[in-house]
Amino acid sequence: MNGPRVPMIAIDGPTASGKGTIAARVAARLGWHLLDSGALYRLTALACLERGIAADDAQGAAAAAAALDVRFVADGVSMDGRDVTADIRREEVGNLASQVAALAPVRAALLDRQRAFRCAPGLVADGRDMGTVVFPDADLKIFLVASAEARAQRRYKQLIEKGFSANLLTLLHDLEARDARDTQRVNAPLAVAHDALVLDSSHLTIDQTVEQVMSWWGERSGASRS
């Protein structure tokens with residue numbers, strides 16, 4: 001990378017662990033850029049659904065990923081000039097995203113796009129392989145976890161508040177299935193980076209989780225300056 005090194009924090013974790021919310025709040029606190037890598041895979045999944053591309057069509061899904069016309073804005077994301085913020089949060093999109101994310105051609109198509117988000121003054125990136133594959137040199141790596149039950153409750157509440165119908169037991173089963181796919185896939189499986197700090201947020205509020213991340217960043221950045 002040319003020029004001054006851009007600092008960054010990578011936050012990885014399983015589905016519905018809260019990493020997206022935490023990453024957004026930490027980025028806002030620091031005044032840094034934000035990368036929601038999961039949104040890129042959800043956008044790819046949405047494009048596949050709309051174009052009739054099968055979940056096992058690796059080349060078709062990769063082509064959809066490479067052709068994404070995406071724009072992230074303050075309150076959401078647009079694709080092909082239309083607001084798809086709510087669409088990419090549908091459960092069918094999330095489930096397909098977990099499947100296409102396991103395809104090597106899709107991951108390759110999105111790798112450079114993700115790395116391009118790293119620019120001054122800094123970046124907070126959340127996903128499943130931010131600290132292991134996309135940004136292995138991240139200054140701070142956090143692996144955010146929560147019990148499957150706690151994550152299902154959070155996802156249920158989120159969907160209900162947004163006006164979607166949801167079944168708690170179905171959500172729990174879906175989360176457990178997606179956890180299995182994410183950890184067992186051959187390409188960039190969900191794993192804890194060897195130098196990551198594990199944070200269990202099962203019994204923490206959003207504010208408490210953010211404060212812990214900020215505390216760790218303060219320790220890490222302070223040590224790097226000394």
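Out of the residues in the stretch 29-40 that are in a helix (DSSP H, G or I) and in contact with a strand residue (DSSP E or B) (Cβ under 8 Å, 6 or more places away or on another chain), which is modelled with the highest pLDDT?
LEU30
Taken as a whole, the structure leaves VAL186 outside the set of residues that are in contact (Cβ under 8 Å) with a residue 12 or more places away in the chain, within 25 Å of GLY76 (Cα to Cα) and out of contact with any Phe, Trp or Tyr (no Cβ under 7 Å at 6 or more places or on another chain). Just wondering, is there one or more residues in the stretch 152-166 that are surrounded by 21 or more Cβ atoms within 10 Å (Cβ to Cβ) and touching a helix residue (DSSP H, G or I) at 6+ places or on another chain (Cβ under 9 Å)? Within the stretch 152-166 (the criterion being surrounded by 21 or more Cβ atoms within 10 Å (Cβ to Cβ) and touching a helix residue (DSSP H, G or I) at 6+ places or on another chain (Cβ under 9 Å)), the answer is yes, since at least one residue qualifies. Checking each residue in the stretch 181-197 for being surrounded by 12 or more Cβ atoms within 10 Å (Cβ to Cβ) and at negative phi picks out ARG181, ASP182, THR183, ARG185, ASN187, PRO189, LEU190, ALA191, VAL192, ALA193, ALA196, LEU197. Counting only residues that are among the hydrophobic types (A, V, I, L, M, F, W, C), within 18 Å of the chain's Cα centre (by Cα) and within 26 Å of PRO121 (Cα to Cα), the stretch 30-67 holds 5 of them.
Select, from ALA55, ALA138, ALA102, the only residue that is hydrophobic (A, V, I, L, M, F, W, C), at pLDDT below 90 and assigned to a loop (DSSP other than H, G, I, E, B).
Within the list ALA55, ALA138, ALA102, the selection yields ALA102.
When the criteria are applied in full, LEU68 meets the requirement of being assigned to a loop (DSSP other than H, G, I, E, B), aliphatic (A, V, I, L, M) and surrounded by fewer than 21 Cβ atoms within 10 Å (Cβ to Cβ).
The set of residues from the stretch 109-158 being without any contact (Cβ under 8 Å) to a residue 12 or more places away in the chain and of a type in the set (A, V, I, L, M) comprises just one member, ALA116.
The values are calculated or read from the model by the stated rules, or taken from the named source; none is laboratory data. Since we're looking at a predicted model, the values are computed, not measured. All Cβ positions, glycine included, derive from the backbone under ideal geometry; neighbour counts span all protein chains shown.
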